[in-house]
Structure formats: C-alpha cells, structure tokens
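Derivation of every value follows stated rules applied to the coordinates shown; laboratory data play no part. Everything quoted here is computed from the prediction, not taken from an experiment. Here the Cβ positions follow ideal geometry from the backbone for every residue, glycine too, while neighbour counts run over all protein chains shown.
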Amino acid sequence: MAAPNGGYFIQDKLYKTAPHHESYKQLWETKWKKPMGVYPFMFSAVKDFEPIVEKLVAEPYDWDDYAQVYFPKAEELVSEAQKAEQEGNKEKASELYLRASAVYRISRFPAPRSEKQRYAWQEGKKACIKGLGCIEVPHTHGIRGEGKNIPIYHLLPSDASESNPAPVVLIMTGLDGYRTELSVWMEGWRQNGVGTIVVEIPGTGDSPALASDPTSPDRQWSNKVCVWAFSTGGYYAIRLAHTHPTRLAGVVALGGGVHHMFDEEWLNNLFGTKANPVDQMKTIPFKPKY
C-alpha cells in the first residue's frame with residue numbers, strides 16, 4: 001500500500017475511476033462475471049446470477065431494490081436443496097444450499113446497509129449453515145452490553161480427537177467477507193490435517209463486540225492460539241499479534257492495512273480504484289470505529 005518513497009504503490013491510479021465503478025453492468029462485465037467462483041462468489045454458479053444481472057441493469061439503483069432482485073433465485077435454490085435433502089441426496093442438497101447462500105451474499109454485499117440487505121444476511125446464514133455446521137463460543141471476556149456468544153464456523157480433520165488433537169487455524173474475516181463465505185477455505189485445511197475456525201472481526205457479521213468501546217476487539221480474541229486473516233481482518237491480526245503475543249503460536253496477515261490504511265488521502269480516493277469492486281468508503285461507516 002505505502003511505497004518507500006512516501007507515496008502509494010498505486011499512486012498514479014489512485015485518482016482514476018475504474019470502469020466497474022461506473023455502473024452495475026460494468027461491475028458485472030469487467031469485474032465479477034469472469035472470475036465467478038472466487039471471492040466474493042464462493043460456492044456460486046454463473047447461471048444463478050445471469051438472470052439477476054439482466055434485471056438489475058434495467059432498473060434504478062437502490063439498495064433495497066437491489067437486494068430483492070436476488071431473492072427469487074435464492075429461494076428457488078433453497079427449495080431445490082430442501083427437495084434433494086428429503087430425497088436423501090445430501091451432496092446435491094449441500095451444493096444447492098451453498099449456491100443459495102452465495103446469491104444471498106451478493107444481495108447483502110458489501111455490508112447489510114438496508115432492511116432487505118439485512119434480511120439477505122439472515123437468510124444467507126440459514127442456507128450456509130445447512131452444509132457447514134455452527135457452534136457458539138461463550139464470550140467469557142465480554143462486558144455488559146456485549147453479546148454473550150461468538151458465533152463461529154468450524155471444521156476438523158476426520159481423525160481429530162482428544163487423544164489425537166489437530167492443529168487449528170483461526171481465520172478472521174475482512175470488512176465485507178463474513179464467515180458464510182470464508183468457510184470456502186476450510187476444506188483445503190482439513191485435507192491437510194488442520195482444523196479451522198472462521199470468525200467475524202468486530203463490527204461485522206454477528207460479532208458481539210461492543211461498538212462504543214474501543215477495547216472490545218481485544219477482549220474477543222482472548223482465547224485462541226493461531227491466526228490467518230486478510231484485508232481488514234489482516235489489520236486485526238497485526239493488532240492481535242501485539243495485544244496477545246503470549247497466546248499466539250503465529251499470525252499470518254494477508255494484505256492487512258496498518259497506519260497508512262487510515263490516511264486521509266487514501267480513504268478519500270479509495271472508491272474509484274481497481275482494488276475494490278464496490279464503494280468501500282460507504283461500507284466502512286457500517287463497521288463501528290473501534
């Protein structure tokens with residue numbers, strides 16, 4: 001992000017508006033359509049999104065209207081998944097539930113900022129949990145006003161047990177990616193004998209951290225041992241390495257921002273860059289300033 005000469009590595013592009021910020025059609029054609037299946041389209045299929053795009057590009061841009069266009073396809077996929085589940089076809093049901101969660105994800109992406117987007121977040125979790133499993137960890141270090149539990153998704157190797165423990169990596173989400181989609185990395189770790197836990201950073205998803213307390217992020221991380229995080233989650237991973245060093249075996253921060261992440265010049269011009277598919281400057285305020 002910050003170059004040795006005092007500027008930014010993308011300094012010459014910082015003030016140029018990338019094509020995908022001009023319209024939803026441009027966003028789909030230049031940024032989202034081709035790499036379908038990777039972030040933020042985990043578990044998805046192009047055929048699920050094409051009819052949605054056709055409708056969206058023909059209508060005015062409104063967050064509630066935007067969100068609702070996705071609902072019929074998501075509901076259709078959930079219905080098909082339920083049918084497959086009733087027929088005992090668990091593999092097909094799992095695929096369909098995860099595809100439904102992918103449609104709901106883009107409906108609420110990059111953050112649930114309207115009533116219909118908040119609905120999409122709730123329904124997306126319901127679809128995702130069908131194939132992933134969820135537990136709630138007691139927030140033992142929480143204070144009055146914070147949630148009592150920390151919702152996580154977890155996956156362990158099949159041979160893991162109390163007598164044969166597996167190493168565990170804690171995956172911390174970013175600003176717009178929540179546990180429902182970042183669970184896409186869990187199976188790869190499992191195949192290599194490593195357990196995973198996916199948890200949302202403070203101010204996103206279902207994190208219990210108290211928005212009015214700047215010390216709340218540090219209480220949320222008081223029980224874990226190894227961290228892998230990216231984007232805004234990388235910022236929290238770097239912070240965690242300094243606030244909880246005795247509790248960690250290691251920290252990997254992928255693209256995590258530090259002090260220059262909050263430079264006025266950087267924040268004021270972040271919207272139009274190629275780095276982000278959507279306007280992150282309007283997303284950041286939905287995450288409380290811890």
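Miscellaneous remarks
- Built amide H within the under 5 Å cut-off of residue 228, gap 5+: 170, 171, 172, 252
- ³J(HN,Hα) computed for each position of region 152-163 - Karplus, 6.51 cos²θ - 1.76 cosθ + 1.60, integer Hz, glycine/proline x: 9, 10, 9, 8, 10, x, 4, 9, 6, 7, 4, 8
- Distant alpha-carbon pairs in region 19-132 (separation over 23 angstrom), percent: 25 percent
- Other-chain or far-sequence residues with amide H under 5 Å of residue 149's (modelled H): 139
- As a rough guide to protection, the peptides 82-91, 249-258, 117-126, 230-239 ranked by mean Cβ packing within 10 Å, highest first, stand as 230-239, 117-126, 249-258, 82-91.
- Inter-label distance, nm, simple model (7 Å from Cα along the C-beta direction), residue 34/residue 115: 4.0 nm
- Computed from backbone phi, the HN-Hα couplings of region 262-267 come to 10, 4, 4, 4, 5, 5 Hz, rounded to whole numbers (Karplus: 6.51 cos²θ - 1.76 cosθ + 1.60, θ = phi - 60°; Gly and Pro given as x).
- Phi to ³J(HN,Hα) by Karplus 6.51 cos²θ - 1.76 cosθ + 1.60 over region 26-31, Hz, x for Gly, Pro: 5, 4, 5, 6, 9, 10
- Highest mean packing first, where packing is the average number of other Cβ atoms within 10 Å per residue, the peptides 198-210, 138-150 line up as 198-210, 138-150.
- Pairs from 90/148; 47/126; 25/92 whose Cα-Cα separation, in the structure shown, is over 24 Å: 90/148; 25/92
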